[in-house]
Amino acid sequence: YDQMMYFKNCYNKAHGRFMRHIIVSLSEFESQNINDCTLYLIAAEICNLFPEHQSLFAIHHETGRPHIHIALNTVSFTDGAKIRINLAETKTAIGHIFAKYVSDQHICSQPDTCLSFYSTYHHTDKIGMKLQDLGSCYSIY
């Protein structure tokens, strides 16, 4: 949180939309055939889709299916630009990442049928609670 706020303050953009929250989960069938190590690699590669924005991710299992939470700083640390995400392109890119990592396991041959993708913004006044929701299992990227 403090690191993200540092860059927001540097560029005078510490207001409004604080973070972009992306959730990616597998269908019940595919979730039985993937481990946390693979999910960790997938999450790190998804974060690499946004190289100029700080990110953190967590892998959760509380719904009975593993899923990845990704929090992206909405302000670029290189030039202060606000993040712009084309959701359709991002979903396609995430599908390709999943396919790359799980193709050897013969699952998720059609990412649109086995991946669930959700993205939203969170405002500054709610960010503390959202970051706590990610829990202790996270990596800053």
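Can you pull out the residues in the stretch 18-58 that are among the β-branched types (Val, Ile, Thr) and out of contact with any strand residue (DSSP E or B) (no Cβ under 8 Å at 6 or more places or on another chain)? Talk me through it step by step, then tell me what you get.
Pass one, the stretch 18-58, residues among the β-branched types (Val, Ile, Thr): 22-24, 34, 38, 42, 46.
Of everything in the stretch 18-58, just one residue is among the β-branched types (Val, Ile, Thr) and out of contact with any strand residue (DSSP E or B) (no Cβ under 8 Å at 6 or more places or on another chain), namely 38.
In the condition set (1) loosely packed, with under 15 Cβ neighbours inside 10 Å; (2) under 17 Å from the mean Cα position of the chain (by Cα); (3) in contact (Cβ under 8 Å) with a residue 24 or more places away in the chain, residue 37 is compliant with all but (3). Put simply, of 34, 46 the only residue that is β-branched (Val, Ile, Thr), touching a helix residue (DSSP H, G or I) at 6+ places or on another chain (Cβ under 8 Å) and farther than 29 Å from residue 5 by Cβ is 34.
Among the residues of the stretch 24-47, those that are part of a strand (DSSP E or B) and more than 14 Å from residue 93 (Cα to Cα) comprise 25, 26.
Mind checking whether some residue in the stretch 48-67 is surrounded by 15 or more Cβ atoms within 10 Å (Cβ to Cβ), of a type in the set (Val, Ile, Thr) and under 18 Å from residue 93 (Cβ atoms)? No; the residues of the stretch 48-67 include none that is surrounded by 15 or more Cβ atoms within 10 Å (Cβ to Cβ), of a type in the set (Val, Ile, Thr) and under 18 Å from residue 93 (Cβ atoms). Yes or no: the stretch 62-73 includes at least one residue that is modelled with pLDDT of 90 or more, part of a loop (DSSP other than H, G, I, E, B), out of contact with any helix residue (DSSP H, G or I) (no Cβ under 7 Å at 6 or more places or on another chain) and of a type in the set (Val, Ile, Thr). So far as the stretch 62-73 goes, no, none of its residues is modelled with pLDDT of 90 or more, part of a loop (DSSP other than H, G, I, E, B), out of contact with any helix residue (DSSP H, G or I) (no Cβ under 7 Å at 6 or more places or on another chain) and of a type in the set (Val, Ile, Thr).
Please count how many residues of the stretch 2-21 are open to solvent by less than 40 Å² (accessible area, probe 1.4 Å) and either among the basic types (Lys, Arg) or within 20 Å of the chain's Cα centre (by Cα) (or both). I'd like the intermediate steps shown before the answer.
Taking the stretch 2-21 as the starting set, the residues that turn out to be open to solvent by less than 40 Å² (accessible area, probe 1.4 Å) are 4-5, 8, 14, 16, 18-21.
Applying the additional criterion that residues be either among the basic types (Lys, Arg) or within 20 Å of the chain's Cα centre (by Cα) (or both) yields 4-5, 8, 16, 18-21.
Residues flagged as open to solvent by less than 40 Å² (accessible area, probe 1.4 Å) and either among the basic types (Lys, Arg) or within 20 Å of the chain's Cα centre (by Cα) (or both) within the stretch 2-21 amount to 8.
The values are calculated or read from the model by the stated rules, or taken from the named source; none is laboratory data. The shown structure was predicted, so the numbers you read here are calculated from the model rather than taken from an experiment. All Cβ positions, glycine included, derive from the backbone under ideal geometry; neighbour counts span all protein chains shown. Heavy atoms of the whole protein, side chains included, go into the accessibility calculation; ligands, DNA and RNA do not. Shrake-Rupley method; radii C 1.70, N 1.55, O 1.52, S 1.80 Å.
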